[in-house]
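Notes for the one structure printed next.
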Amino acid sequence: MTERICRRSAMPEADIPRWVDLHWPCAAAMLEAGVMDETGEWVEDKDVRLGLEAYRERLLKPK
C-alpha cells in the first residue's frame, strides 16, 4: 500500500524503501481503523481522527 502511494506520487524508486519504513505504521493504523483503503485512498465519510487514534494506540503499545 505505501509503495503504491509513493509511486502514484512519482517518488524516485531509491527513496521509496525509507519512506515506507517511516510511514508504514501510520498507514497500517489508518487501514485497520477503516479510514484508508488498501490502495492508499481515504475512505469517504470516515473520520480520519479514528485513524490517528489507532496510530497513537499503536505507538503507545508496549513492544
Fill in the blank from the handout: Log entry, pairs with first residue in the stretch 21-32 being over 8 Å from Tyr55 (Cβ atoms), second being of a type in the set (A, V, I, L, M, F, W, C) and part of a helix (DSSP H, G or I), beta carbons closer than 7 Å, six or more apart or on different chains, reads Glu32/Ala54
Exercise for the section: Look through the stretch 24-42, keep the residues that are exposed (fewer than 15 other Cβ atoms within 10 Å of the Cβ) and not charged (D, E, K, R), and return whichever of them is farthest from Leu60 (Cα to Cα). Expected result: Thr39
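Throughout, read-outs are computed from the coordinates displayed, never taken from laboratory work. All values reported here derive from a predicted model rather than from experimental measurement. All Cβ positions, even for glycine, are placed from backbone atoms using ideal geometry, and neighbour counts span all protein chains on display.
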